[in-house]
Every structure is written in structure tokens, then in C-alpha cells.
Amino acid sequence: MRDRIAEIITSVEPLDELERAHRDSTLEWIRSGAPIFRTAKPDVPPKHLVSYFALVDQQRGKLLLVDHKLASLWLPTGGHVEPDEDPKATVARELAEELNLVAEFVRDVPLFITVTRTVGEDGGHTDVSLWYLLRGDSSRAIEFDRGEFHGVRWFSFDEIPFERSDPHLRRFVEKMRRLLAAEAV
């Protein structure tokens with residue numbers, strides 16, 4: 001699985017130098033043989049893989065974010081990659097658990113990769129996040145995990161609350177909009 005994950009990460013075409021640095025450092029980390037899957041909550045090992053997934057309603061120009069209770073941020077949904085789990089399988093599993101939806105991928109590989117130091121009561125840890133893009137429909141009601149989220153909301157691309165979100169969300173949205181514009185041509 002380690003080789004498969006390295007292959008997935010290699011497929012990510014960086015938006016900018018920061019994403020290139022995140023991709024390259026992640027490849028070094030994976031190839032080093034260090035543990036890459038979380039084995040105990042919240043931070044064992046202190047650096048581990050996460051699959052983020054953003055639902056986009058292309059027709060209406062909207063992105064779904066969740067108001068995450070522990071992080072106190074508006075985030076794409078996601079979850080920790082289980083030991084020896086394919087990150088794409090993580091997306092399907094977490095989407096069913098968190099939003100009771102079936103994954104419809106825009107792309108089979110992640111669109112974006114980030115390395116982020118989290119904050120929290122545990123003092124934080126490092127998430128290596130693979131950001132997948134999924135098709136969504138903002139006209140349909142969303143059932144969500146009320147234990148994990150205060151709520152969910154579809155935001156138009158121009159009203160996303162970047163100031164209260166993942167520090168890389170603005171760059172992800174920029175990359176997503178470029179991809180969607182290229183596909184529309």
C-alpha cells in the first residue's frame with residue numbers, strides 16, 4: 001500500500017511552490033518507511049494520512065463545508081486513512097459515515113495535497129491531507145453526523161469563510177476552479 005500511496009501522490013500536479021514542497025516532502029516521508037497511518041487517537045503517530053473530500057455542485061457554483069465541532073472551523077469533510085486502506089476508499093467510507101452519501105468522484109486521484117500542523121486540546125499533530133473532489137447536489141438535503149458537526153452548508157465560491165477554515169482552503173478552491181473551468185471548455 002505504501003507504493004500505491006506514493007504513486008497517488010506523484011500524480012498530483014502542484015498548483016504552486018508550496019504544494020510542490022508538500023508533495024515532495026510527503027513522498028520522502030512515505031519512502032522513509034516511517035509510519036503513515038494513525039493507529040491511536042488523536043496523534044499516534046504524530047504525523048499521519050488524511051483524506052479530505054470536497055463536494056462541489058458545478059452547476060450552481062457551490063462547495064459543501066461542515067462546521068466541525070472539534071476544530072471550530074468550516075472544513076471539507078474527511079477522515080483519517082486506516083492502516084493499509086487506500087485513501088480513495090477512505091473517502092467512500094467517511095462520506096457514507098459523515099454525510100450518508102455515495103461518492104461520485106470528479107477525479108479518481110486527489111486534486112491537492114497539504115501538510116498541516118493541527119491545533120487542539122492534544123497540542124496538535126501533523127495531517128498529510130489528500131484532497132479529493134466529489135460531485136454534489138446543493139438542492140438535496142444532507143444528513144450529517146451531528147456528533148461531529150454543528151451543521152453543513154453549501155457556500156457559493158465567492159462566500160466561502162476562508163478566515164475560519166483550513167489554512168489551505170483558498171488555494172484548494174483556486175485549483176478546483178481552474179480544473180472546473182478547463183473541463184467546461
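Computed from the coordinates by the stated procedures, all read-outs in this text should not be read as laboratory data. Bear in mind that the values here come from a model prediction, so they are computed numbers and not experimental data. Here the Cβ positions follow ideal geometry from the backbone for every residue, glycine too, while neighbour counts run over all protein chains shown.
For LYS41, give me every one of the lysines with a C-alpha distance below 26 angstrom, ignoring sequence neighbours fewer than eight places off in its own chain.
LYS69, LYS88
Taking the Cα centre of the chain as the origin and placing charges on Cβ (Lys, Arg +1; Asp, Glu -1), which of ALA40, VAL12, VAL50 is farthest toward the positive end of the dipole?
Most positive-ward Cα: VAL12.
On a full-extension model of 0.36 nm per residue, what is the gain between ALA34 and ALA89, subtracting their alpha-carbon distance, rounded to one decimal in nm? Let's see the in-between values first.
Working: separation 55, 0.36 × 55 = 19.80 nm, distance 2.16 nm.
Here the answer is 17.6 nm.
Between ALA141 and ASP3, how many nm apart are label points set 7 Å from Cα along the C-beta direction?
Distance between label points: 4.9 nm.
What translational diffusion coefficient, to the nearest whole µm²/s, does the range 2-184 have by Stokes-Einstein, given a Kirkwood radius computed over alpha-carbon pairs, a temperature of 10 °C and 1.306 mPa s viscosity?
Rounded to a whole number, D works out at 96 µm²/s.
Based solely on its DSSP helices, what 222 nm [θ] is calculated for the chain when runs of n ≥ 4 H residues each add -39,500 (n - 2.57) and the sum is averaged over all residues, nearest 500 deg cm²/dmol?
One gets -9000 deg cm²/dmol as the mean residue ellipticity at 222 nm.
Straight-line reach from LYS62: which lysines fall under 22 Å, measuring Cα to Cα and dropping same-chain residues less than 8 apart?
Candidates past the 8-residue exclusion: LYS175.
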